[in-house]
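These notes concern the structure reproduced below.
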Amino acid sequence: MSYLPKAITQFLNTSISLAKLELVVIDLPQFKPFRSAIGVRDSRKALIVKWHTSDGVIGYGECSCRPDPFYSHEFIDGAIQVIKEFIFPVLKNADTYYKVLAVLSKIRGWNFTKAAIEFAMNDAIRRTSGKGILDVWERPRLNKVPVGISMGLFEDGTSMSKSIEEAEKDCYKRLKFKINPAYASPSIFKSLAASTHPNLSFDANGSFTENDFGSLQQFAELGYMIEQPFAPGSAYLQHEFEKKHSKLFVCFDEEIETLGQLIEQKKNQTELNIKPARVGGLCNTIGMMEYCFVTNISAWIGGMFETGIGRAQNLQIASFLTEAKAHDQSPSNRYFKKDVLQKPIEMEDGFIKANFFMNPEIDENAFDELTESTLFLP
């Protein structure tokens with residue numbers, strides 16, 4: 001069953017042209033390392049897809065997967081190979097938005113990779129005609145988007161308390177803390193208890209198993225939302241946990257890659273973190289959000305430490321979720337020493353205004369400086 005509005009399905013008839021694809025790997029240095037249950041990262045390495053039209057217009061799309069397969073099966077080198085060997089050879093024969101989606105649908109999985117192609121194509125259409133797929137979506141949208149912050153793992157309560165103080169001073173609308181089974185120390189819980197912020201939550205990145213119920217119980221007792229406590233495919237552990245422990249306030253993330261999975265898991269979740277890249281692109285995101293509107297599932301837009309290219313795209317989508325308290329879309333200068341936009345995304349009093357993300361322009365000098373490799377197709 002499709003939840004796409006009529007205006008969106010009509011837009012899929014939009015003609016497109018493709019002269020070549022350019023696959024660019026860039027690496028943005030961070031101000032400081034970021035620790036999660038997955039590991040530590042010191043920079044954001046990203047694959048950027050540049051869609052060149054026959055008229056010389058370039059659209060940009062970011063492939064949000066990691067360089068490694070630790071968050072999902074996708075990784076940058078693999079994404080490049082999938083585009084080169086399986087997508088591009090048939091993509092160049094597609095002449096409408098719909099036909100491009102049909103080409104991408106033949107690839108099982110690889111949502112981050114397919115999303116990057118759609119992002120780049122849609123950006124090229126928008127730069128050519130002034131309207132992309134989000135511009136025809138007949139839903140109210142915000143002029144400024146409320147922003148939360150993902151805080152990472154801390155070595156001790158003192159460093160956590162300092163970061164909480166800084167985040168509260170910056171007026172972030174949600175403070176989200178990475179957790180794992182080994183993280184339940186008294187000093188950490190003391191720092192959390194001292195915070196007066198009205199919107200705290202946790203993100204486990206699927207790190208808890210049936211052997212970690214005791215540790216998970218300590219977090220569950222606080223009553224905060226816990227994002228992805230169990231690994232994808234292990235949602236049954238929620239029921240096992242709740243038989244003898246607290247009711248979990250669960251927000252799914254990695255568990256949900258398709259609308260079908262969302263429908264199947266509806267009863268198990270309270271909130272949904274929609275990462276547009278994780279669910280396969282703009283069209284899939286719109287369908288998933290429409291389902292959330294109809295069924296009253298609370299949703300917000302998450303991210304994968306995208307560069308300004310992917311971050312601006314995510315913020316455009318987040319602007320349609322008018323009831324969301326916060327989205328994981330912190331400003332560029334929160335993480336990166338240098339971003340790739342002429343006007344890097346900035347935050348004011350916990351909000352990012354539309355003029356920072358609606359029509360982002362690329363800083364080509366910065367882009368070139370941060371480029372590690374480039375591949376042209378054909």
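Nothing in this text is a laboratory measurement; each read-out follows from the coordinates by a stated rule. Because the structure is predicted, anything quoted here is derived from the model rather than measured. Methodologically, a virtual Cβ is constructed for each residue, glycine included, from the backbone with ideal geometry; neighbour enumeration extends over all protein chains shown.
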Q) Which residues' amide hydrogens lie under 5 Å from the amide hydrogen of ILE362, considering only partners 5 or more residues apart or on another chain, with H built in the peptide plane? A) GLN342
Q | Charge sum, other residues only, whose C-beta stays under 12 Å from PHE86's C-beta, Lys/Arg counted +1 and Asp/Glu -1 | A | +3
Q | Centroid-to-centroid separation of the stretch 275-329 and the stretch 61-112 [C-alpha atoms, Å] | A | 20 Å
Q: Show me 98-109, 327-338 ranked by packing, highest mean number of other Cβ atoms within 10 Å first.
A: 327-338, 98-109
(Q) For log10 I(q)/I(0) by the Debye sum over Cα atoms at q = 0.09, 0.14 Å⁻¹, pick the label among (1) -0.58, -1.17; (2) -0.58, -1.30; (3) -0.49, -1.23 that corresponds to the value derived from the coordinates. (A) (3)
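Efficiency by 1/(1 + (r/R0)^6): what FRET value for GLU168 and ASN211, r their Cβ-Cβ distance, R0 = 41 Å, to the nearest 0.05? Each step should come with its number before you reach the end.
Details: r = 35 Å, r/R0 = 0.85.
With a Förster radius of 41 Å, E is 0.70.
I'd like the antiparallel share, as a percent to the nearest 5, of DSSP beta bridges with both residues in the chain.
On the way: 31 of 50 bridges.
Just about 60 percent of them are antiparallel.
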**Q.** Theoretical ellipticity at 222 nm over the chain - DSSP helices of four or more residues, -39500 (n - 2.57) apiece, nearest 500
**A.** -9500 deg cm²/dmol
(Q) Test of understanding: in a Gaussian network model of the chain with alpha carbons linked when under 10 Å, which of ASN268, ASN284, ASN296 would top the mean-square fluctuation ranking? (A) ASN296
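Among LYS32/LYS114; LYS190/LYS275; LYS45/LYS106; LYS50/LYS131, which pairs are too far apart, with a Cα-Cα distance over 24 Å? Spell out each step's value before the answer.
Details: LYS32/LYS114 30 Å; LYS190/LYS275 31 Å; LYS45/LYS106 27 Å; LYS50/LYS131 18 Å.
Distance filter (> 24 Å) returns LYS32/LYS114; LYS190/LYS275; LYS45/LYS106.
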Q.
Starting from the 7 Å offset along Cα-to-Cβ, what nm value, one decimal, do you get for the label separation of HIS245 and LYS353?
A. 4.5 nm
Q | Charge dipole magnitude, Cβ of K and R +1, D and E -1 - the chain, Cα centre, debye nearest 20 | A | 580 debye
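Kindly give Rg over Rh for the stretch 88-150, based on alpha-carbon atoms, with the Kirkwood expression for the hydrodynamic radius.
On the way: Rg = 14.7 Å, Rh = 13.8 Å.
Looking at the stretch 88-150, the ratio lands at 1.06.
Just the projected area, averaged over all directions, of the convex hull on the alpha carbon atoms of the stretch 139-364: how many nm²? Intermediate values should be presented prior to the final figure.
On the way: hull surface 49.4 nm².
The Cα convex hull of the stretch 139-364, projected and averaged over all directions, gives 12.4 nm².
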Q. Which stretch or stretches of the stretch 278-319 have amide N atoms under 17 Å from the point lying 7 Å from ILE263's Cα along the Cα→Cβ direction?
A. 284-297
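What's the magnitude of the charge dipole for the stretch 195-273 around its Cα centre, counting Lys and Arg as +1 and Asp and Glu as -1 at the beta-carbon? Answer in Debye, nearest 20.
Working: 5 positive and 13 negative charges, 70 e Å.
Computed charge dipole of the stretch 195-273: roughly 340 debye.
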Q | the stretch 139-364 - share of DSSP beta bridges that are antiparallel (%, nearest 5) | A | 20 percent
